[in-house]
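Structure first, then comments.
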Amino acid sequence: MDQRIKSDRYRVGFWSILCAIFTLAFLIITYLRFTRGLGAVTNLSDRFPWGLWIGFDLLCGVGLAAGAFTVTACVHLFNLKKFEPIVRPTILTGFLGYVFVVIALLLDLGQPWRIWHAIIYWNPHSVMFEVAWCVMLYTSVLALEFSPAVLERFGFHKISHLIHKLITPLVIIGVMLSTLHQSSLGSLYLIVPSKLHPLWYSQLLPLFFFTSAIGAGLGMVILESFLSGRAFGRHLEMDLLAPLGRPIVAVLGIYGLMRMQVIVRNGSYHDILNFTYEGRMFLLEFTIGVLAPVILLAIRKVRENPTGLVLGAFLAVMGFVVNRLNVSVTGMERAAGGHYVPSVMEVTVSVALVGIAMAVFALATRFLPIFPESKFTARKAKMPAPRLIPAEEGE
Amino acid sequence: MTVGLLYDSTKCVGCNACSEACKEQNKLPGAVEDHPTAYTYTVVEDHNGANVRKLCMHCLVPTCASVCPVGALRKTPEGPVVYDSEKCMGCRYCMMACPFDVPKYQWDRAVPIVGKCIMCYDRVKEGQSTACATACAYGATVFGERNNLIMDARERIRANPSGYVDAVYGIKEAGGTGVLMLSAVPFGALGLKTNLTDDPPPMRTWQVLSKLPDFVTVWGTSLYAIHWITSRRDEVAKNERGE
């Protein structure tokens, strides 16, 4: 093991130190939160019972994991086998995204040690009940879908083979759970017709959350391929990733049209024309999250250019994040009669969790057969590998 | 039979005897605060000279009970909406969803629970009146059967049309509430919500949730069908190439 790390020339760089600082801060905040209460570390209040940890960690963590079910469906159900090489990294992203969500929930719940109550006390009328079950089941499915990478690494080829055989039902269950889960996060907000601003409230919220998650999830697939490609010192697999630009255009295009239709129908476009606070936030979200990526990625030359593709994907992901924060925070502010700005400690926790997830991803790509180039993908995992990581990127 | 409370803003002097009685009944710590919190379930607020009592409205179809994933909030057959702190895991969806912003949280505690008026369910079960209605010396809050309270409220408006807004708050708001209110000024001026839907909010999520079993069946079958077709096509193509 030691020798392998040396051969990778693992170096303590800027990013590892930053990640370590945030992890330490995260642990301290966790301690404060469980000794002094939520009020001591967050800006949550009776007016804003849900803040950044729900709006960003939960809504975005789940949404950005949507690449996993989209890509597995493409490969295992639609038989688009050429996407096979990106299946493992997207499943890993999805799994880490869900673990990230669960950790954030454990901090956000008032009494997280009672999280198992959702298993024994049922209320099928509650969207939160559906959300809880989807988180539990889909995290397990993702773990199973990812397990072959770990099992192969440690030589459990028989069990890995068994999971390979079960992959079709696993993928079908995964796609169903994802459909339910992505849409249910939108359904959470169906209950507040008198509170959520009409720029975001619609009976179609479940559909909006589902479609926008597919767009942003595919954007994440491109982004993570770019980031890990840089770490591995290889070029983007443009022949694989550029074709993902087209479904993003289609999905976000349809999503954008549906949003426009709702806004025209319910008259909330007045807020856009009058440039109110909500109108401005909507414009920001819609421009970077829908208009810009759709236009950019619709142009063949931009889509087939690595910089253009990554930029389009990045905008789609950022716009998605702004949308989820708009639904959970901006759109609720007028009804609450005030503004919510997350506390430094809330932001620190979210940043730390993102950093930890990225560090785990980076470590996993180094020590597990995830990318085709990985030295562990070969059957005999002990082949001497050339140095894959440029020294300055080794984080 | 559904019981409720009728609060008449024009009779209320703002003495907060109801809040004090409530604190004693529910053993809530601290003094009465100027707005409802997890430790002050009810309080009289002054809105430009007009008094209004803030408390749980005890909806006929309560949003909080519908959204609670563990069923910690429950509508009792008698009418009060009660809370079981032993079940609650603190997701706070009830606070986010309540159309009247009633449930409050113990933000300062390491082991927090929700605080909310439960219409003195233990007293009501025994046929007694609530602590607040018993404490009110001015008849501003009266306890009774909801239907009788509505008739009583309409009678008061009929007897003194110039003294009241010609409406009873709570008859249709969010599908109707157990607590009813009368006022001399428009309800909006009292800080009461006036943009509520007439249909109970839980119907909106139930429209989606009730379709889930059908959706799972159809979607699962379709996905399997797609898989079957694509892999069959591959198989055929392979065989043709092989021959």
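The values are calculated or read from the model by the stated rules, or taken from the named source; none is laboratory data. These numbers were taken from a predicted model, which means no experiment stands behind them. Virtual Cβ from ideal backbone geometry, glycine too; neighbours counted across all protein chains shown. In case anyone asks, the SASA skips ligands and DNA or RNA and just uses the protein heavy atoms, side chains included. Shrake-Rupley method; radii C 1.70, N 1.55, O 1.52, S 1.80 Å.
Going by accessible surface with a 1.4 Å probe and the largest first, B:Asp122, B:Asp166, B:Asp234 read B:Asp166, B:Asp122, B:Asp234.
Put the Cα centre of segment A:194-257 next to the Cα centre of segment B:167-186 and the gap is 45 Å. The alpha carbon centroids of segment A:134-163 and segment A:333-373 are separated by 24 Å. Could you tell me how many degrees, from 0 to 90 and to the nearest 10, lie between the Cα long axis of helix B:212-242 and the main elongation axis, the longest principal axis, of the Cα atoms of chain B? Helix B:212-242 sits at roughly 20 degrees to that axis. Taking 26 Å as the cut-off for C-alpha to C-alpha distance, list the pairs among B:Lys75/B:Lys104; B:Lys87/B:Lys125; B:Lys27/B:Lys75; B:Lys23/B:Lys75; B:Lys54/B:Lys211 that go past it. Beyond 26 Å: B:Lys54/B:Lys211.
Could you compute the net charge surrounding B:Pro69? Neighbours are other residues with a C-beta less than 12 Å from the C-beta of B:Pro69; K and R count +1, D and E count -1. Kindly include the intermediate steps, with their values, before the conclusion.
Values: positive: A:Arg114, B:Lys87, B:Arg92; negative: A:Glu130.
Computed value for this residue: +2.
Straight-line cross-link reach from A:Lys158 at under 26 Å between alpha-carbon atoms covers these lysines, not counting any fewer than eight positions away in the same chain: A:Lys81, A:Lys82, A:Lys375, A:Lys380, A:Lys382. Across segment B:47-61, computed HN-Hα scalar couplings (Karplus, 6.51 cos²θ - 1.76 cosθ + 1.60, θ = phi - 60°) run 10, 6, x, 9, 8, 8, 8, 9, 6, 5, 7, 6, 3, 5, 10 Hz from first to last residue, x flagging Gly and Pro. Pairwise Cα separations in segment A:44-340 fall into 10 Å bins from 0 onward with the following percentages, short to long: 6, 27, 34, 23, 9, 1, 0. Three principal axis extents of segment A:99-178 based on alpha-carbon atoms, in descending order, are 42, 24, 19 Å.
Can you list which of the GluC sites (Glu not before Pro) found in segment B:1-69 are DSSP loop residues with at most 16 other C-beta atoms within 10 Å? List each step's numbers first, then the result.
Numbers: sites: B:Glu20, B:Glu24, B:Glu33, B:Glu45; in loops: B:Glu33.
Counting only loop positions with at most 16 other Cβ atoms within 10 Å, the GluC sites (Glu not before Pro) in segment B:1-69 are B:Glu33.
Per residue, segment A:44-340 exposes 37 Å² of solvent-accessible protein surface, assessed with a 1.4 angstrom probe and all protein chains in place. A:Leu144 sits among other residues whose Cβ lies under 15 Å from its own Cβ, and their net charge, with Lys and Arg +1 and Asp and Glu -1, is 0. The reciprocal of the average 1/r between distinct C-alpha atoms defines the Kirkwood hydrodynamic radius, which for the protein assembly as shown equals 26.9 Å. Quick check: the angle from helix A:306-325's long axis to the longest principal axis of chain A, C-alpha only, nearest 10 degrees? Helix A:306-325 sits at roughly 40 degrees to that axis. Convex hull volume per residue, computed on the Cα atoms of segment A:72-206, equals 155 Å³.
Please compute the length gained on full extension between A:Phe14 and A:Thr276, using 0.36 nm multiplied by the number of residues separating them and subtracting their Cα-Cα distance. Let's see the in-between values first.
Numbers: separation 262, 0.36 × 262 = 94.32 nm, distance 4.14 nm.
Result: 90.2 nm gained on full extension.
Need the C-alpha centroid separation for segment B:86-120 versus segment A:75-105, integer Å. Centre-to-centre (Cα) distance: 36 Å.
Suppose every K and R has +1 on its Cβ and every D and E has -1 on its Cβ; what is the size of the dipole of chain A about the Cα centre, in Debye to the nearest 20? Let's see the in-between values first.
Values: 32 positive and 22 negative charges, 192 e Å.
So the dipole magnitude of chain A works out to roughly 920 debye.
Each residue of segment A:20-30 was assigned a 3J(HN,Hα) from its phi angle through the Karplus curve 6.51 cos²θ - 1.76 cosθ + 1.60 (θ = phi - 60°); the sequence is 5, 4, 5, 5, 4, 4, 4, 5, 5, 5, 4 Hz, with glycine and proline shown as x.
Sorted largest first, the spans of the alpha carbon positions of segment B:100-196 along the three principal axes are 51, 35, 26 Å. In segment A:174-299, inverting the average of 1/r over every pair of distinct C-alpha atoms gives 16.0 Å as the Kirkwood radius.
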